[in-house]
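**Q** Just passing along the structure, written as structure tokens.
The values are calculated or read from the model by the stated rules, or taken from the named source; none is laboratory data. None of these values were measured; they are calculated from a predicted model. All Cβ positions, even for glycine, are placed from backbone atoms using ideal geometry, and neighbour counts span all protein chains on display.
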Amino acid sequence: MPITLYGAPPSLFSGKARAYLDWKGIDYTEKLPSDARFQSEIVPAIGRQVIPVVELPDGTLLQDTTLIIDHFEAADSDTPGVYPETPRQRLASMLLETYGDEWLVIPAMHYRWHYNEEWIYGEFGKTALPGASPEEQYAAGKARGAIFKGFVPMLGINAETIPVIEQSYEALLADLDAHFAEHAFLLGTRPSIGDYGLIGPLYAHNYRDPKSGEIMRRLAPNVAAWVERMVEPDPLSDEFLGGDRVPDDVLKVLHRMMTEQLPYLAHVAEMLGEWAKANPGAELPRALGLAPFTIEGVTSERAALPFSLWMLQRALDYIASLGGEDRAACEEMLTQCGGEALLPFEIPVRLEFEDFVQRVAQD
């Protein structure tokens, strides 16, 4: 059996996984989630409808893009990887994966559902019924799309926040555009795990969806060019910057993460601690309620997602593993980007993602 990627063109995380597999030069076949075997065998094994899923030749299933990437990174230590070896770059790239995966879903979903709604119904229909007529695809896509559209308010996207979501996103594009005018990727001429965190939302929604794609190409042509390099890569290309350098414009992106996402994550961590005390041994819910967040001075509420803490936990573990000059270098970088609050940040319980489920680790 070949390696199979079950994914779809409109899917944010399919875009992330596909870009990595293509860059790594991995031979795989991509199938839509409408594939009969996916529905009859893969979905029951995973326990829910979710993409992407990678099936290895021996039948092993990998779900979640971070775990997919980590599997192939570990399996091939002889070719260049996406995790920098030096401390500042490694920490920066891990944080940017968390930012892209877990925070840029906000502008991604906003632009999809407020600029591209009619178009995306057709795309969902092509995924669900690839051989059907456009009319049948649209009807199926609209039924399927209602589920995703229903997530929009839970992400904190509403009349009060939409103007500042756009303001923040356009400022992000400006910082990235300035950076990609000088650099092929975030940390040099090789993509890092941070690039793969950003590519999911910035490709599958904000580049590929037509109206938001026009906005990106108009406001940030260098970002659009980076997207194109990511999705049509030169396999195993080049190197990270020397001297463990993290460019200033990348530090600006990290500063935006620390300003917007980190305070929200602190609220989620507090809620997780309270939930764990009240529900010992219980199955961890997808959301713990609503947590406050602030973008460009406007405060609202959004779903408190413990999965975001699992992503952050990886970076916190890395910080904790450091000592001496390496730790000092990362502390200096966090000070530069306003991330001092990460140093004492504590997740009250250990989180794990195993057997396709996120849970609280048991002692």
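**Q** Which members of the stretch 28-68 meet the condition of being out of contact with any Lys or Arg (no Cβ under 8 Å at 6 or more places or on another chain), crowded, with 18+ Cβ neighbours inside 10 Å and under 17 Å from Glu354 (Cβ atoms)?
**A** Ile46, Val53, Val54, Leu62, Gln63, Asp64, Ile68
**Q** Out of the stretch 1-22, which residues are farther than 18 Å from Phe124 by Cβ, at pLDDT 95 or above and either of a type in the set (Phe, Trp, Tyr) or over 22 Å from the mean Cα position of the chain (by Cα) (or both)?
**A** Passing the criteria: Ile3, Tyr20.
**Q** Looking at Ala140, is it over 24 Å from Val268 (Cβ atoms), surrounded by fewer than 20 Cβ atoms within 10 Å (Cβ to Cβ), out of contact with any strand residue (DSSP E or B) (no Cβ under 8 Å at 6 or more places or on another chain) and aliphatic (A, V, I, L, M)?
**A** no
**Q** Within the stretch 11-47, which residues are farther than 17 Å from Asp101 by Cβ and either part of a loop (DSSP other than H, G, I, E, B) or polar (S, T, N, Q) (or both)?
**A** If the condition is that a residue be farther than 17 Å from Asp101 by Cβ and either part of a loop (DSSP other than H, G, I, E, B) or polar (S, T, N, Q) (or both), then Gly25, Ile26, Asp27, Thr29, Leu32, Pro33, Ser34, Asp35, Gln39, Ser40, Gly47 are the ones that fit.
**Q** Let me ask something else about it. Mind checking whether some residue in the stretch 153-168 is free of Cβ contacts under 8 Å to residues at least 60 places away in the same chain, among the charged types (D, E, K, R) and surrounded by fewer than 21 Cβ atoms within 10 Å (Cβ to Cβ)?
**A** The answer is yes, given that some residue of the stretch 153-168 is free of Cβ contacts under 8 Å to residues at least 60 places away in the same chain, among the charged types (D, E, K, R) and surrounded by fewer than 21 Cβ atoms within 10 Å (Cβ to Cβ).
**Q** Let me ask another. Considering the stretch 125-152 alone, what residues qualify as being part of a loop (DSSP other than H, G, I, E, B), free of Cβ contacts under 8 Å to residues at least 40 places away in the same chain and not hydrophobic (A, V, I, L, M, F, W, C)?
**A** Correct list: Gly131, Ser133, Gly150.
**Q** Taking the stretch 53-84 as the region of interest, how many residues are charged (D, E, K, R) and either in contact (Cβ under 8 Å) with a residue 12 or more places away in the chain or more than 30 Å from Gly242 (Cα to Cα) (or both)?
**A** Looking only at that region, the number is 4.
**Q** With the checklist (1) more than 23 Å from the chain's Cα centre (by Cα); (2) under 19 Å from Glu97 (Cα atoms); (3) polar (S, T, N, Q) in hand, flag the one item Gln313 doesn't pass.
**A** So the condition that Gln313 fails would be (1).
**Q** When residues of the stretch 118-142 are filtered for being small (Gly, Ala, Ser) and within 29 Å of Tyr169 (Cα to Cα), how many remain? Write out each step before concluding.
**A** Narrowing the stretch 118-142 to residues small (Gly, Ala, Ser): 122, 125, 128, 131-133, 139-141.
Narrowing the set further to residues that are within 29 Å of Tyr169 (Cα to Cα) leaves 122, 125, 141.
Summing the residues that are small (Gly, Ala, Ser) and within 29 Å of Tyr169 (Cα to Cα) in the stretch 118-142 gives 3.
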